[in-house]
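Data first, discussion second: the structure below is written as structure tokens.
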Amino acid sequence: MRIVALVGSNRKESYNRKITSFIQERYKEKVEIEILPIENLPLYNQDDELTPPAVVNEIKRKVLASEGILIATPEYNHSIPALLKNALDWFSRVEKVMVRKPVMIVGASGGVLGTARAQMHLRQILNSPGCAALTLPGNEVFIGGVQDKLDEFGKLTHEPTIQFLDTVMNNFVNWVEKTKGI
Ligand code: FNR
């Protein structure tokens, strides 16, 4: 199964990127995950949507060719970061590459809510006509207090979180199969 991943953080030591790398490695027998460099996308401008810069088309083609999308989002001021919203805005216009794509969401933060508010917004955005993605219902992966759940190399070691991720990834793989042809 070929999945693309969008990480909503461009900082070098991003927890959300570390969680994504963990997922990429742990489930590599089942799912091939490519992290797309959405930080390279220019700021969305409607004037350019019919003739976008090459990088926009390159990334959109990869989304379109994928069987599903993993999104790892930080929470910025109770919503998703502009970096991620920018990517979704590009993906939602002209050739709408997220339509009927299965999506799995995870999010990590230092706080106790573990990006719950951002993920609520994200589900709403993904349900818009431009995105119209098939977000995996339930399966809410809120990784709060993330700094205490990684080892000194930045690898997730918190067993309950790992076990929940195993369940959710399994549910997502089934969701991708179930939604084929919808
Ligand atoms: C944050 N952070 C944050 N955390 C949270 O739980 N709720 C929030 O609303 C916010 N708001 C917020 C705004 C901005 C502009 C920044 C830079 C940060 C903290 C955030 O969760 C923390 O920096 C994470 O580590 C960001 O994710 P990455 O970059 O580690 O993946």
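Diffusion of the stretch 78-182 by Stokes-Einstein, at 37 °C in a medium of 0.692 mPa s and with Rh set to the Kirkwood radius over alpha-carbon pairs, works out to 220 µm²/s. Put simply, the amide H of T135, placed in the peptide plane, has neighbours under 5 Å in V103, leaving out anything fewer than 5 places away on its chain.
Looking at the stretch 30-182, the DSSP beta bridges with both ends there are about 20 percent antiparallel. A straight chain from L64 to R26 at 0.36 nm per residue would run longer than the Cα-Cα distance by 11.3 nm. Near the amide H of A5, within less than 5 Å, lie the amide hydrogens of E34, I35, L36, L70, all on another chain or at least 5 residues away, with H placed in the peptide plane. Qualifying trypsin sites (Lys or Arg not before Pro) in the stretch 60-142, where qualification requires a DSSP coil assignment and no more than 12 other C-beta atoms within 10 Å, comprise R100. Fully extending the segment from Q124 to K180 would add 18.0 nm, taking 0.36 nm per residue of separation and subtracting the current Cα-Cα distance. Per residue, the average separation of C-alpha pairs within less than 8 Å and at least 6 apart gives the stretch 2-178 a relative contact order of 23 percent.
Listed by number, the DSSP H helices of the chain that run 24 Å or longer by alpha-carbon position along their axis and have mean Kyte hydropathy of at least -0.5 are 159-178.
Note on the stretch 2-178: with charges restricted to the Cβ of Lys and Arg (+1) and Asp and Glu (-1), its dipole about the Cα centre is near 260 debye. Solvent-free Debye calculation, one equal scatterer per alpha-carbon of the stretch 2-178: log10 I(q)/I(0) at 0.19 Å⁻¹ equals -1.32.
Taking other C-beta atoms within 10 Å as the exposure proxy, D47, D89, D148 rank D47, D148, D89 from fewest upward. Report summary: the helix-based calculation at 222 nm, which adds -39500 (n - 2.57) for every DSSP H run with n ≥ 4 and divides by the residues of the chain, gives -11500 deg cm²/dmol.
Coordinate-derived values only; no laboratory data. Every value quoted in this text rests on a predicted model; they were computed, and no experiment measured them. Please note: Cβ atoms are built from the backbone with ideal geometry, for glycine as well, and neighbour counts cover all protein chains shown.
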